[in-house]
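The values are calculated or read from the model by the stated rules, or taken from the named source; none is laboratory data. What you are looking at is a predicted structure, and each value in this text was computed from that prediction instead of being measured. Neighbour counts run over all protein chains shown; Cβ positions are idealised from the backbone, glycine included. The accessibility values were calculated without ligands, DNA or RNA, using every heavy atom of the protein model including side chains. Shrake-Rupley method; radii C 1.70, N 1.55, O 1.52, S 1.80 Å.
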Amino acid sequence: MNEEHLSRIQAIAEAALLAAGKPLSLEQLRELFTEDERPARQIMEHVMMLLGDACEGRGFELRKVASGYRLQVREEFAPWVSRLFEEKPPRYSRALLETLALIAYRQPITRGEIEDIRGVTVSSNIIRTLLEREWVRVVGHRDVPGRPAMYATTRQFLDYFNLSGLDKMPPLSEIRDLEEIGREIEKNIQAEIEFGSTTAESAEDNSPDETLH
């Protein structure tokens, strides 16, 4: 395949990523082409590498996350880009951030197990917010009386925090406590909104902050 053809595929992929407003997988990008012109998977991977290189020195970057590839504003330009948005980023309660952290690091986990670790009740509003944000999902039920639901994180969670997989999360041993995990998640949430990530959406958690135990 000649250089001109590769450049054409690269331009089509770039246009699709800009228009999609969400991550696109390699297969989704390949399906943009008719069957007789569809590039092989290996060629498409090479094209994405070329596109990533082409973003060097520009205000945006190509990032690979769990659901595929996306183009997003570089973190270093956040102070300027954030001035485009009049609304303040939503702030989440410490209780919600700690609950999300426990699900991320201890999944699958039940609401009761989260409450045992935190020492306080997890409000239904928190679980509902996490489910509505599609950051967590029910993956089964614990085989104990009452059969409580077990929660785990989703691909959307990974996409939102710029992770290609759970193995990319900071090792739990490097984080001192739940409060520190919560601060780290909150920092990432604010960053994603300010950096104009294509997957960031505004949402509000109305649950009150709870005291750390």
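Taking 0.36 nm per residue of separation and subtracting the Cα-Cα distance, full extension of the segment from PHE77 to ILE12 would add 20.8 nm. I need the shape label for segment 1-133. Rule: rounded when a/c is under 1.5, else prolate if a/b > b/c, else oblate, with a, b, c from the alpha carbon gyration tensor. Because a/c hits 1.5 or more and a/b exceeds b/c, segment 1-133 counts as prolate. When only the Cβ of Lys, Arg, Asp and Glu is charged (+1, +1, -1, -1), the dipole of segment 4-80 relative to its Cα centre reaches about 240 debye. Length available on full extension from ASP167 to THR34: 0.36 nm per residue minus the Cα-Cα distance, which gives 44.3 nm. Farthest towards the positive end of the charge dipole of segment 2-124, among the residues GLN28, PHE77, PRO39, is the Cα of PHE77, using unit charges on the Cβ of Lys, Arg, Asp and Glu. Largest first, the residues SER82, SER124 sort by 1.4 Å accessible area into SER124, SER82.
Sparsely packed loop sites in segment 35-99 (the trypsin sites (Lys or Arg not before Pro) outside DSSP H, G, I, E and B with at most 16 other Cβ atoms within 10 Å) comprise ARG58, ARG74, ARG91. In segment 31-142, taking the dipole from charged Cβ atoms about the Cα centre, the farthest positive-side position among VAL65, SER93, LEU51 is held by SER93.
Distance from the Cα centroid of segment 28-68 to that of segment 108-175 is 32 Å (rounded to whole angstrom). Between ILE43 and ARG106, the contour length at 0.36 nm per residue exceeds the alpha carbon distance by 18.9 nm.
Applying 1/(1 + (r/R0)^6) with r as the Cβ-Cβ distance of ILE117 and ARG91 and R0 = 22 angstrom yields a FRET efficiency of 0.40. Counting only Cβ charges, +1 for Lys and Arg and -1 for Asp and Glu, the dipole size of segment 118-175 around its Cα centre is about 200 debye. For ARG74, the residues whose amide H sits under 5 Å from its own are PHE60, GLU61, ignoring neighbours fewer than 5 places away on the same chain, with H placed 1.01 Å from N.
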